[in-house]
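A.B. asks: Below you'll find the structure I mean.
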Amino acid sequence: MYSQALNTRDAGPSAEDADALARFQARIDAEEKIEPNDWMPEAYRRTLTRQISQHAHSEIVGMLPEGNWITRAPSLRRKAALLAKVQDEGGHGLYLYAAAETLGTAREELVEQLLSGRAKYSSIFNYPTLSWADIGAIGWLVDGAAIMNQIPLCRCSYGPYARAMIRVCKEESFHQRQGYEIMLTLCRGTEAQKAMAQDALNRWWWPCLMMFGPPDTASQHSDASMKWKIKRFTNDDLRQKFVDATVPQGLHLGLTFPDPELRLEDGHWRFGAIDWDEFKRVVAGDGPLNRERLAARKAAHEEGAWVREAALAFAAKRRRKAA
Amino acid sequence: MTEARTPLWEVFLRSRTGLSHRHVGSVHAADAVMALQAARDTYTRRGEGLSIWVVPSAAITASDPAEKGMLFEPAASKIYRHPTFYEVPDEVGHM
């Protein structure tokens, strides 16, 4: 039995001896979940803190490209759906920050890492939303890719992350369907509307394939993450699953994919070479909107400071009155 | 002389690996360690749990059931938060 508080650093073996590591790996191999108070290698804690917090940052920064179109949605139905979706993304960010905090880093510190540019978020959110069709493409493709990535994370070895992912995946399905419905409506519309949908697919397709991360031959985190069952599939496996699921959906819309090498082979849709230089540039901070996204987050954080201060002051006043 | 009351604790159990802790009931105990022991004796005699949390009952703030209309009704009218609200043709398959 134990009775220590959660969120404190573990007082397990100080030197990570081989025995402790072997016991830890045996638990992982037996599909046991690791929980906040359990002993874990420092590298496992670090890897998860990085991954979960970057996932949280992606949800929060991901509100910006779509938020851009809330006031310009073409109907009340679309506006209500988009508002609900962006609200969900905010909620997903909060579930994830809470899961990351169980590893011992405070949310304030994680947010600070984002705002100072030390922490990354998904490269996809550094691309602009130029037309209404982009909202359709984001729901269909970006959320489709996110779901592909997140479903195996529901079985991640770290309990709080896995449980957060189950909640997120349950809520995410409406996001993809509302996006596909937007695309479907545009594709059944006028020539100009269909051209808008095609243009959105042309611009979002390749950045979406990059969302799964570098190819397996170049990924620096994959091996340990697979061994620890943080990841269940490699980047390339998930990318292929996404392409296989998505190409028939696009063909049903009557759209073409911006890849002349795309072809069906042995039951899989094989695709052309990804521009990894572009990916590296965007991750390194030189994408179309990196500076604007961070500036928007910083402004929101700074302009919201008075709300946090006011809430604390109000709570202190209420305590004084109750005393 | 009146006897001091023994504090009340709410008990949460994780029944299987990977599941979250769920509320199962409460126990009286003088401190947290005794509350854990009492919770084990009271709620896990047949292997119901892998892990126990005890939380002082006084630390829990609960919503007022009488306010459930005000708190939860707005969600019922927002059917567009559900996937089935959106049209996806059958031939496109599961999404």
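The values are calculated or read from the model by the stated rules, or taken from the named source; none is laboratory data. In this text the structure is predicted, and so the values were computed from the model without any measurement. A quick note on method: Cβ atoms are made from the backbone with ideal geometry, for glycine too, and the neighbour counts reach across all protein chains shown.
To keep it simple, each residue is scored yes or no on (1) farther than 23 Å from B:H94 by Cα; (2) in contact (Cβ under 8 Å) with a residue 60 or more places away in the chain; (3) of a type in the set (S, T, Y); (4) in contact with a Leu (Cβ under 8 Å, 6 or more places away or on another chain).
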residue: A:C154; (1), (2), (3), (4): no, no, no, no
residue: A:S157; (1), (2), (3), (4): yes, yes, yes, no
residue: A:M165; (1), (2), (3), (4): no, no, no, yes
residue: A:T190; (1), (2), (3), (4): yes, no, yes, no
residue: A:A218; (1), (2), (3), (4): yes, no, no, no
residue: A:A224; (1), (2), (3), (4): yes, yes, no, no
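A.B. asks: Would you check which residues across the range A:263-284 are part of a loop (DSSP other than H, G, I, E, B) and touching a strand residue (DSSP E or B) at 6+ places or on another chain (Cβ under 7 Å) and list them?
C.D. replies: none
A.B. asks: Quick one: in the range A:181-202, of everything that is among the charged types (D, E, K, R) and over 25 Å from the mean Cα position of the chain (by Cα), which residue is nearest to the other protein chains (Cβ to nearest Cβ)? Working first, answer last.
C.D. replies: First pass over the range A:181-202, keeping only residues among the charged types (D, E, K, R): A:181, A:188, A:191, A:194, A:199.
The next check asks that each one be over 25 Å from the mean Cα position of the chain (by Cα); those that pass are A:188, A:191, A:194.
Working: A:R188: 11, A:E191: 21, A:K194: 17 Å.
Ranking the qualifying residues of the range A:181-202, first place goes to A:R188.
A.B. asks: Out of all the residues in the range B:55-95, which are surrounded by 10 or more Cβ atoms within 10 Å (Cβ to Cβ) and acidic (D, E)?
C.D. replies: Of everything in the range B:55-95, just one residue is surrounded by 10 or more Cβ atoms within 10 Å (Cβ to Cβ) and acidic (D, E), namely B:E87.
A.B. asks: In the set A:P288, A:P260, which member is in a loop (DSSP other than H, G, I, E, B) and within 28 Å of the chain's Cα centre (by Cα)?
C.D. replies: A:P288 is the lone residue from the list that is in a loop (DSSP other than H, G, I, E, B) and within 28 Å of the chain's Cα centre (by Cα).
A.B. asks: Scanning the range B:43-83 for residues that are under 14 Å from A:A84 (Cβ atoms) and hydroxyl-bearing (S, T, Y), which turns out nearest to the other protein chains (Cβ to nearest Cβ)?
C.D. replies: Just the residues of the range B:43-83 that are under 14 Å from A:A84 (Cβ atoms), to begin with: B:74-83.
Adding the requirement that they be hydroxyl-bearing (S, T, Y) leaves B:77, B:80.
Numbers: B:S77: 10, B:Y80: 5 Å.
Only one residue tops the list, namely B:Y80.
A.B. asks: So, in the range A:121-147, how many residues would count as being surrounded by fewer than 21 Cβ atoms within 10 Å (Cβ to Cβ), part of a helix (DSSP H, G or I) and in contact (Cβ under 8 Å) with a residue 40 or more places away in the chain?
C.D. replies: 1
Results for (1) β-branched (V, I, T); (2) closer than 28 Å to A:K231 by Cα; (3) at pLDDT 95 or above; (4) surrounded by fewer than 19 Cβ atoms within 10 Å (Cβ to Cβ), shown as yes or no for each residue.
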site	(1), (2), (3), (4)
A:G179	no, yes, yes, no
A:L184	no, no, yes, no
A:E191	no, no, yes, yes
A:A195	no, no, yes, yes
A:D199	no, no, yes, yes
A:W206	no, yes, yes, yes
A:G213	no, yes, no, no
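A.B. asks: Within the range A:230-245, does at least one residue satisfy the condition of being of a type in the set (S, T, N, Q), part of a helix (DSSP H, G or I) and free of Cβ contacts under 8 Å to residues at least 24 places away in the same chain?
C.D. replies: Yes, the range A:230-245 contains at least one residue that is of a type in the set (S, T, N, Q), part of a helix (DSSP H, G or I) and free of Cβ contacts under 8 Å to residues at least 24 places away in the same chain.
A.B. asks: Okay, next question. Quick one: how many residues across the range A:33-77 are within 14 Å of chain B (Cβ to nearest Cβ) and either touching a residue at least 24 places away in the same chain (Cβ under 8 Å) or crowded, with 18+ Cβ neighbours inside 10 Å (or both)?
C.D. replies: Number satisfying all stated conditions: 7.
A.B. asks: Residue check: is B:R22 away from chain A (no Cβ under 14 Å), surrounded by fewer than 17 Cβ atoms within 10 Å (Cβ to Cβ) and without any contact (Cβ under 8 Å) to a residue 12 or more places away in the chain?
C.D. replies: Judged against the criteria, B:R22 is not a match.
A.B. asks: Report yes if A:I166 is out of contact with any helix residue (DSSP H, G or I) (no Cβ under 7 Å at 6 or more places or on another chain) and within 13 Å of chain B (Cβ to nearest Cβ), otherwise no.
C.D. replies: yes
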